[in-house]
Amino acid sequence: MYDKGKIITGLVIFLAIFTYPLWSNMGKAAPVPKPELPPKSVATQCIADTQYMRTSHMTLLNTWRDDVVRMADRVYVSASGKSYNMSLTNTCLECHSDKVKFCDQCHNYLAVAPFCWDCHLVPKPKEKK
Amino acid sequence: MDTKPEFKPGNFLYAGKASALETVGLPNPRDWSPTDDDWQLPADWKGIVHEGMAERLQRFRSFKLFMDVCVRCGACADKCHFFIGSGDPKNMPVLRAELIRSIYRGEFKTAGKILGKLAGGRKLTEDVIKEWFYYFFQCTECRRCSVFCPYGIDTAEITIIAREILNLIGCNIDWIASPVANCFMTGNHLGLKPHTFKENVEYLLDDIEEYVGVRIEPTFNRKGAEILFVTPSGDVFAEPGIFTFMGYLMLFDHIGLDYTWSTYASEGGNFGFFTSHEMMKRLNAKMYAEAKRLGVKWILGGECGHMWRVVHQYMNTLNGPADFLEQPISPLTGTRFENAAATKMVHITEFTADLIKNNKLKLDPSQNDHIIPTFHDSCNTSRGMGLLEEPRYVLNNVCNNFVDMAPQVIRENTFCCGSGSGLNAGEYLEMRLRGGLPRANAVKRVHEDHGVNMLSCVCAIDRAVFPALMDYWVPEVGVCGVSELVANALVMEGQGEREYNLRGEENPSYKPPAEDEASAEAGEEGEE
Amino acid sequence: MIGFLFSLVAVLVLVGIALVGVGGLGLKVLFGVIIPYAAVLTFFAGLVYRVVDWARSPVPFRIPTTCGQEKSLAWIKPNKIDNPCSTGAVVLRMVLEVLTFRSLFRNMKLDYREGPKIRYSSEKFLWLFAIMFHWAFLVVIIRHMRFFTEPIALWLQTLEHLDGFMEVNLASFGVGLPTIQLSGLVLLGGVTLLLLRRIVIPTVRYISLAADWFPLFLITGICLTGILARYVVRVDVVKVKEMAMGLATFHPVVPDGISVWFYIHFFLVCVLFAYFPFSKLMHLAGVFLSPTRNLVNNSRAVRHVNPWSYPVKTHDYHEYEDDFREQMVEAGLPVEKTLEEAEAEKTAKETPAAPETQETEEKREE
């Protein structure tokens, strides 16, 4: 007794499941997200360099939150020596005013659900001047 | 892996005799002993073993899979009675399998061939054969490890195949080879010739007449009987099995069953199963052949462990289809045994349980009141069949004091008697007592806690080996078959006073009839 | 012990290879494209080959290990799962075995008390560690599909968010990312406990081979580098996904700016994939094929056929009667041929051909 049919069925099911990433993307382009940066008229430079902000903005924001809420410390001095008000709404979102076009670009790309908006209001995109 | 086994009296079994091997045409017959330096293996033994393994890897998915998928999690390690009783690490089921798995890797797998020991492989040498002989005849094929293995790896299956390979080069044991040869020629392991078999039964009939007061006249090799009854020959030969045999005789007489014994198919057990799949088939063929010749409707089988593994899981595949038989129907209750529809063979305990359920037996369980029995689930009927409730139902109806052992050691968790699969030889007593330790230990517990004084079972090997095991570990406990307890409780038509049990001992539970013959008995009672 | 050290060193060497290969020699295409494709191909082809190889050997006998009451008399309740009486029951037995490790759940431990007194107690640690390990591994693998699919299916997002419901602030320990993915930690915990178990329990240590240590160290390495890449080094996941999507859509790209830690993690995963089909890890597929688990216990009700069955030599009744006829007749046992008939036949056979026919003819005439 070989049970060929059952074994082949099993293998097909196995392959179908395990090749999910191969067939689920079939025929679809996978554009790399392009978070929209604030216009040069608003700002030319972030509080830290781009590579750091790409990988570690969540660390920074987390630290800010703790410093502000727990230590009442509101001043952040950047590497370039410039002082910033530690505030998501008033500092970050001042420039990156469109959540959909900026934050969500990468977050959605990687299924990240930051808990910023558990407390903060989602900003309304400003009218472009 | 490197420690070699030491063959010492008590821990190995005598080699198969040349004459026995010749009778059935097994390879390399010679006179030798495991203690010899030179085992006189055939010149091309390595090639034979290699080819034998290759062939079996192609024939048995079980073997191939079990060689490949073990993750050595160790769940099986302390499940083996031989490991518990001996402490020998190679008795852990995982290492028993590694004995052959290492050769599989070393001889069949690229990684093992190149990396050797690092990949868990090793080369086939004579020492490996000696080690196999030692450890594969130190496994009783009880399947307890298989219950706990996450992949169901069954060491019994590995042992069966390893023994089959060992047989290819003539490495086998006398206690298996001789019964096989006997069974082939005379129809039973003990080599009882037809007239001797009949005589033995007649002695038992005399005993029944003496102790029960009923003369029973069974038939032998009778054509046209409705049922052929087959049971292990050990039960017609030695105590306490003979009392179980007497139990069958009485039960069938009690219900007036139209059945016959066969001197040709006079063996239920199958030591061929411990030799090779082929030998199992050769010996098993007698049952269907005889059923066909006698023209019976179906076959009823007696109490036996490995016999039922073979009957239940192998017989119909080996020697079926049994289309010359009819689906078993109990002639007394009309019950159709649906679970035996194809193999057409019913277990005596299933049959008896059905009789009791339908009130077909006249029983006086108080006859067993002095007995506090527990029940030993045989490995094969538990883990290779699932006969668990029937014997308990029967016991509860023929005794008033049945006590079960702890759940960890009964039913599918049951422990082997320590002597199964053809290891019940006298020269092997030390290992048998070690292997039987877990079972004896559990019996001791119920003996101490509940006063259990009888270990009942549905297996002929159990009946043959438990007396020694009990004598050593729990001397106050006796051994009996379930059918003996049934017979004790049977109220036979026209029976005399049951002052004696089937063993010819005075029955402490016997109560002399009081009312009618009160005056007549009064004097006797006074004397007592 | 050799196996233990060899495996540990082997995994460290693998880490070194990736470190030097990407960090030192900059072989990003090799480690980011060629090796991954080769590994995945090996995994699928190897796994299918192994299963087909097993399947080529038949199951000649129906040998389920029964762990409960069989289906027999109508009034006796069968244990349908542990002694399956139908295909449906077998499916249930297998599903529970594969998903909940029922056999391991049975595990018990024995200990000797006062000499030969043995007691058995429940032992669930192996089961617990195994469940932790396997389920966490499954969740981790599924979660990683966020790197290989775009857009990410809702169910995947949900899993990701459920798994990451816990927020832990370990900034002072250099762990920047506040959202903890539980499965990764449970996996690391599981693999560590399984490793410790193998080291601590003497019997298990004794039976362990290099083939047991190596996957444990390899998976530990994968866990550690993964956790490191996520929480501490914080590799640029957008770029990682860009690369992953390139692989999944067969348009491989190797973006700059991905930390070497990612490559180490990725390389170890590739090694695991490639190693898988040739190792004990094949128990993934093997568990489904085990004849002691996946068969219905109905061999007395339905005939199972052995495809390689062959005729064997038996000692049939006539040979038997020839051996013992005299004693049988004497003992009053019925025989097929009387002594005279047998004798006549015997002489017929022994006498030369010509008179034989004559004799039989004569006999027929009679």
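Readers should treat all values here as calculations from the given coordinates under stated rules, not as data from a laboratory. Owing to the predicted nature of the structure, the values given are computational and were not obtained by experimental measurement. Because the Cβ atoms are built from the backbone with ideal geometry, glycine has one as well, and the counts that use them run over all protein chains shown.
Considering segment B:180-488, its Cα convex hull presents a mean projected area of 14.2 nm².
Comparing A:Met58, A:Met26, A:Met86 in a Gaussian network model of chain A (Cα springs below 10 Å), the most mobile by mean-square fluctuation is A:Met26. Each Lys and Arg adds +1 at its Cβ and each Asp and Glu adds -1 at its Cβ; summed about the Cα centre, segment C:2-289 shows a dipole of about 920 debye. Could you grab the relative contact order for segment C:2-289? Cα pairs under 8 Å, six or more apart, rounded to a whole percent. Dividing the mean separation by the residue count of segment C:2-289 yields 28 percent.
With R₀ set to 45 Å, the beta-carbon distance separating A:Cys95 from C:Leu185 gives a calculated FRET efficiency near 0.80. Calculated FRET efficiency, B:Lys292 to C:Val200, Cβ-Cβ distance, R0 = 41 Å: about 0.10 to the nearest 0.05.
Note on C:203-213: average number of Cβ atoms from other chains within 10 Å of each residue's Cβ is 6. Between segment B:155-179 and segment B:436-467, what is the separation of their alpha carbon centroids in Å? The two parts, judged by their Cα centres, are 28 Å apart.
Counting neighbouring Cβ atoms within 10 Å and putting the fewest first, the residues C:Arg230, B:Arg411 line up as C:Arg230, B:Arg411.
Loop-located chymotrypsin sites (Phe, Trp or Tyr not before Pro) in segment C:241-292 (DSSP state other than H, G, I, E, B) with a sparse environment of at most 15 neighbouring Cβ atoms within 10 Å: C:Phe250.
Where only DSSP H runs of four or more residues are counted, the protein assembly as shown gives -15000 deg cm²/dmol as its mean residue ellipticity at 222 nm, each run worth -39500 (n - 2.57).
Counting other Cβ atoms within 10 Å as a rough exposure proxy, the listed residues B:Cys139, B:Cys73 run B:Cys73, B:Cys139 from fewest neighbours to most. Here segment B:18-172 has an Rg and Dmax of 15.5, 44 Å, counting Cα atoms alone. Here the simple spin-label model places points 7 Å from the Cα toward Cβ, and for C:Ala74 and C:Val253 these points are separated by 7.2 nm. Each other residue within a Cβ distance under 13 Å of C:Arg113 adds +1 if Lys or Arg and -1 if Asp or Glu, for a net charge of +3. Ranking C:Gly115, C:Leu25, C:Pro311 by Cα position along the charge dipole of chain C, where only Lys, Arg, Asp and Glu carry charges on their C-beta atoms, puts C:Leu25 farthest toward the positive end. For a modelled paramagnetic label at B:Asn358, 7 Å from Cα along Cα-to-Cβ, the residues of segment B:205-229 in reach, with backbone nitrogen under 16 Å, are B:226-227. The Rg/Rh ratio of the protein assembly as shown, with both radii computed over alpha carbons and Rh defined as the Kirkwood radius, is 1.10.
If you take the Cα centroid of segment C:225-293 and the Cα centroid of segment B:296-374, the two points sit 57 Å apart.
Charge tally around C:Asp256: other residues with Cβ under 10 Å, Lys/Arg +1 each, Asp/Glu -1 each, net +1. Net charge in the neighbourhood of B:Phe148 (other residues with Cβ under 9 Å of its Cβ; Lys, Arg +1, Asp, Glu -1) is +3.
Ellipsoid fit via the Cα gyration tensor, segment B:256-301: semi-axes of 23, 10, 8 Å, each the root of five times an eigenvalue, largest first. If you model chain C as an ellipsoid using its alpha carbon gyration tensor, with each semi-axis the square root of five times an eigenvalue, the axes come out at 65, 27, 21 Å, biggest first. Simple rule: put +1 on each Lys or Arg Cβ and -1 on each Asp or Glu Cβ in chain A, find the dipole, and look at A:Ser97, A:Pro114, A:His57; the Cα lying farthest toward the positive end is A:Ser97. Multiplying each eigenvalue of the alpha-carbon gyration tensor of segment A:36-124 by 5 and taking the square root yields semi-axes of 20, 17, 13 Å, largest first, rounded to whole angstroms. The angle between the Cα long axis of helix C:353-365 and the longest principal axis of the Cα atoms of chain C comes to about 70 degrees, rounded to the nearest 10. Charged side chains reduced to their Cβ positions (Lys and Arg at +1, Asp and Glu at -1) give chain B a dipole of some 3580 debye around its Cα centre. Restricting the GluC sites (Glu not before Pro) of segment B:46-128 to loop positions (DSSP other than H, G, I, E, B) with no more than 12 neighbouring Cβ atoms within 10 Å leaves nothing. Each of A:Met1, A:Met71 was scored by other Cβ atoms within 10 Å of its Cβ. Listed from fewest to most, they are A:Met71, A:Met1. Inter-chain neighbour count for C:148-156: the average number of beta-carbon atoms from partner chains within 10 Å of each residue's beta-carbon is 5. Under the convention that each Lys and Arg Cβ holds +1 and each Asp and Glu Cβ holds -1, the size of the dipole of the protein assembly as shown around its Cα centre is about 8560 debye. A simple spin-label model places pseudo-atoms 7 Å from Cα toward Cβ; at A:Lys40 and A:Cys119 they are separated by 3.7 nm.
Relative to the longest principal axis of the C-alpha atoms of chain B, give the angle of the C-alpha long axis of helix B:437-450, reported between 0 and 90° and rounded to the nearest 10°. Around 30 degrees separate the two axes. For chain B, the longest principal axis of the Cα atoms and the long axis of helix B:348-357 meet at an angle of about 40 degrees. Label-to-label distance for A:Arg54 and B:Ala43 is 7.5 nm, based on points extended 7 Å past Cα in the beta-carbon direction.
Would you work out which of C:Phe262, C:Phe105, C:Leu196 lies farthest towards the positive end of the dipole of segment C:2-289, given +1 charges on the beta-carbon of Lys and Arg and -1 on that of Asp and Glu, about the Cα centre? Among C:Phe262, C:Phe105, C:Leu196, the one farthest towards the positive end of the dipole of segment C:2-289 is C:Phe105. Extents of chain B, taken as max minus min of Cα coordinates on every principal axis and listed largest first, are 91, 51, 41 Å.
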